[in-house]
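What follows is a short report on a single structure.
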Amino acid sequence: MLNGQDKSKLNHHTANGFRNPSPEFKKNNLFDALRWSVWERITGKKPEHPENYDFPVVDNDGKFLRGNKTEYTVTWVGHSTLLVQMEGINILTDPIWSERGSPFKFAGPKRYAPPGIDFDDLPEIDLVIISHNHYDHLDKATIKRLGNKPFYLVPLGIGGFLRDIGITHFEELDWWDSIKFNSLEITCTPAQHFSGRTPFDQNKTLWASWVVKGQGSNFYFGGDSGYFPGYKEIGKKFGPFDLVALPIGAYMPRWFMAQVHLSPKDALQAYIDLQGKKFIAIHWGTFDLADEPLNNPPEVLKKEIENRKWNSDNFWLLAHGETRIIKPANDLAEGTEEEL
Ligand code: ZN
Ligand code: ZN
């Protein structure tokens, strides 16, 4: 492993876990959680959500993806699950094929759209990248199904979870640590969020975003995060990015969510800070986790882009299962965009 930075500068470690180092960060306490999850519901402050949404799902049989060894592509499976194909390497981010983002089969947030590609239609997965251990990002059933064949990259503290389900082919990374995987160099980068799967393991494992750097292409995966100064730092160190994947959903109410979840508007600022070229919206349209209905974040994002008179071609709100080519293969082989 390559050590990205002087460890003494890292102040996100605590005696028994991790914290968000930004001086402005204020952690929600139990009272805040109750006010949101109980009081605002009883008092009718939580808006009614539709029973269903007709989100389009592309019929993706995976044939192109299984044959593809050259094109740099991204496919939105749903929520924060992306299949990224870069330099012949197949990468999954925060894979969840389960019906619910929950510890239970019968309760907890259920899917409003099926996974955009059937699990069995996937190409062989080489690398799995995990942002943090919340149920909608670290799904036990899906990881068991993927098994020990792929190589897993996880933030510090998640190794025990993997070992418990028989996964040994992994590396735990701290923020700013990098690791090589074939032609790629992958760096664990900060995010402003939190972790925990039970009331007893809050912030005991680290949360992160990830930078994937290939020979002629790169990619930023945002995981879950509130807006924070880290975006500028990551952009300065690793930008510009061909593609940035940023969360736009589960952002309301702002008094409770702003510190730990980007709004669509925040995500556009993060895209600027990161020096993104193409933007793909994640963490929306799949699991209902917050006060806004699932069709709100993409609408708000579109309006924000319109207001700025930005070119909407650079901002991707994909249908579940949709694949886009990020850069044509010959572009990557030449290594120069100027010639085209
Ligand atoms: Zn989360
Ligand atoms: Zn999440």
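The values are calculated or read from the model by the stated rules, or taken from the named source; none is laboratory data. Since the structure is predicted, the reported quantities are computational estimates derived from the model, not experimental observations. Glycine gets a Cβ as well: all are built from the backbone with ideal geometry, and neighbour counts include every protein chain shown. For the accessible areas, the whole protein counts, side chains as well, though only heavy atoms, and no ligand, DNA or RNA atoms are used. Shrake-Rupley method; radii C 1.70, N 1.55, O 1.52, S 1.80 Å.
A quick yes/no check of all residues on (1) within 16 Å of ligand 2 (Cβ to nearest atom); (2) in contact with a helix residue (DSSP H, G or I) (Cβ under 8 Å, 6 or more places away or on another chain); (3) among the hydroxyl-bearing types (Ser, Thr, Tyr); (4) open to solvent by 10 Å² or more (accessible area, probe 1.4 Å):
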residue: Gln85; (1), (2), (3), (4): no, yes, no, no
residue: Asp94; (1), (2), (3), (4): yes, no, no, no
residue: Leu122; (1), (2), (3), (4): no, yes, no, yes
residue: His134; (1), (2), (3), (4): yes, no, no, yes
- request: Sort out for me the strands (runs of 3 or more DSSP E) sitting completely within the range 49-132 that have 2 or more residues that are in contact with an Asp or Glu (Cβ under 8 Å, 6 or more places away or on another chain).
  value: 72-78, 81-86, 89-93
- request: State which residue pairs qualify: first residue over 17 Å from Asn133 (Cα atoms) and inside the range 145-156, second residue in a helix (DSSP H, G or I) and open to solvent by 20 Å² or more (accessible area, probe 1.4 Å) in any location, beta carbons under 7 Å apart, and separation of 6 or more residues or different chains.
  value: Arg145/Phe119
- request: Residues being touching a helix residue (DSSP H, G or I) at 6+ places or on another chain (Cβ under 9 Å) and part of a strand (DSSP E or B): count how many of those fall in the range 183-208.
  value: 2
- request: With the condition kept exactly as written, say whether any residue in the range 159-169 is open to solvent by less than 30 Å² (accessible area, probe 1.4 Å), under 20 Å from the mean Cα position of the chain (by Cα) and β-branched (Val, Ile, Thr).
  value: no
query: Inside the range 242-255, can you point out the residues that are surrounded by fewer than 24 Cβ atoms within 10 Å (Cβ to Cβ) and away from ligand 1 (no atom under 16 Å from the Cβ)?
result: Asp242, Pro253, Arg254, Trp255
statement: Here the qualifying pairs (Cβ atoms under 6 Å; residues six or more apart or on different chains; first in the range 108-125 and touching a residue at least 12 places away in the same chain (Cβ under 8 Å); second part of a helix (DSSP H, G or I) and acidic (Asp, Glu)) come out as none
message: Please count how many residues of the range 136-158 are more than 16 Å from ligand 1 (Cβ to nearest atom), open to solvent by less than 20 Å² (accessible area, probe 1.4 Å) and not in a helix (DSSP H, G or I).
response: 4
task: Report, by residue number, each residue of the range 221-265 that is within 16 Å of the chain's Cα centre (by Cα), part of a loop (DSSP other than H, G, I, E, B), closer than 19 Å to Asp136 by Cα and not charged (D, E, K, R).
output: Gly222, Gly223, Ser225, Gly226, Ile248, Gly249, Ala250, Tyr251, Val260, His261, Leu262, Ser263
query: What pairs can you find where one residue is in the range 37-57 and under 13 Å from Asn295 (Cα atoms), the other is modelled with pLDDT of 75 or more and among the small types (Gly, Ala, Ser), and their Cβ atoms are less than 7 Å apart, with a gap of 6+ or different chains?
result: Phe55/Ala113; Phe55/Gly285; Pro56/Ala319
message: Considering only the range 261-268, I want to know if a residue exists there that is within 16 Å of ligand 1 (Cβ to nearest atom) and either open to solvent by 40 Å² or more (accessible area, probe 1.4 Å) or of a type in the set (Ser, Thr, Tyr) (or both).
response: yes
query: Is it fair to say Thr198 is hydroxyl-bearing (Ser, Thr, Tyr), open to solvent by 10 Å² or more (accessible area, probe 1.4 Å) and within 17 Å of Asn20 (Cβ to Cβ)?
result: no
task: Could you give me the residue pairs with C-beta distances under 6 Å whose first residue belongs to the range 82-97 and is closer than 19 Å to Gly285 by Cα and hydroxyl-bearing (Ser, Thr, Tyr), whose second residue is open to solvent by less than 10 Å² (accessible area, probe 1.4 Å) and not in a loop (DSSP other than H, G, I, E, B) wherever it lies, and which are 6+ apart or on separate chains?
output: Thr93/Leu82; Thr93/Ile129; Thr93/Phe221
task: With respect to Phe221, determine if the residue is within 16 Å of ligand 2 (Cβ to nearest atom), at pLDDT below 95 and under 21 Å from Leu301 (Cβ atoms).
output: no
For Lys180: the one exception among (1) within 22 Å of Thr70 (Cα to Cα); (2) of a type in the set (Lys, Arg); (3) in a loop (DSSP other than H, G, I, E, B): (3)
